[in-house]
Amino acid sequence: IDAKWQGDRWIAYTRSGSAASSRDVVAWAREAEAAGAGEILLTSMDRDGTKSGFDCPLTAAVSDAVAIPVIASGGAGSFEHFAEVFETGRADAALAASIFHFNTHGVAELKQFLQSRGVPVRV
């Protein structure tokens, strides 16, 4: 689900984030789960590419609304951002591109950091 904050709620976007729908993101996540989705890949369009941190309120709202795993996407710029999205955003997984593509940080280093914070990681 590509999501963007509009006014007083998050709206789902379609066509690779180029077209706004009328669907509320949390309602859309519930509907996807009811239709058989096994997980939600949730991208904050507001944060994507900013390196300013994941949208934890968005991630928490969707995580609290569904029983399936939620993967947070959009905004990672530091290891602390990952810890925040797991602790505050209640994400089951998180992804990032920029901090790894430009060799700012390594995946093994991130895993060590998360383990030191008590966040379970795959080895």
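The values are calculated or read from the model by the stated rules, or taken from the named source; none is laboratory data. Being a predicted model, the structure only gives us computed values, none of them experimental. Cβ atoms come from the backbone with ideal geometry, glycine included; neighbour counts cover every protein chain shown. In case anyone asks, the SASA skips ligands and DNA or RNA and just uses the protein heavy atoms, side chains included. Shrake-Rupley method; radii C 1.70, N 1.55, O 1.52, S 1.80 Å.
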Do we find a residue being open to solvent by 30 Å² or more (accessible area, probe 1.4 Å) and of a type in the set (Val, Ile, Thr) anywhere in the stretch 7-14?
-> yes
What are the pairs, 6+ residues apart or on separate chains, where a residue within the stretch 101-121 that is over 16 Å from HIS81 (Cβ atoms) and touching a residue at least 12 places away in the same chain (Cβ under 8 Å) has its Cβ under 9 Å from a residue that is open to solvent by less than 80 Å² (accessible area, probe 1.4 Å) and outside any loop (DSSP other than H, G, I, E, B)?
-> none
Quick one: is ALA19 over 20 Å from VAL119 (Cα atoms), loosely packed, with under 15 Cβ neighbours inside 10 Å and modelled with pLDDT under 95?
-> yes
In the stretch 61-76, which residues are open to solvent by 20 Å² or more (accessible area, probe 1.4 Å) and assigned to a loop (DSSP other than H, G, I, E, B)?
-> ALA67, ILE68, PRO69
Residue identified as at pLDDT 95 or above, surrounded by 15 or more Cβ atoms within 10 Å (Cβ to Cβ) and in contact with a Ser or Thr (Cβ under 6 Å, 6 or more places away or on another chain) among LEU58, LEU95 = LEU58
Within the stretch 29-44, track down each residue that is touching a residue at least 24 places away in the same chain (Cβ under 8 Å) and surrounded by fewer than 20 Cβ atoms within 10 Å (Cβ to Cβ).
-> ARG30, ALA32, GLU33, ALA37, GLY38, GLU39, LEU41
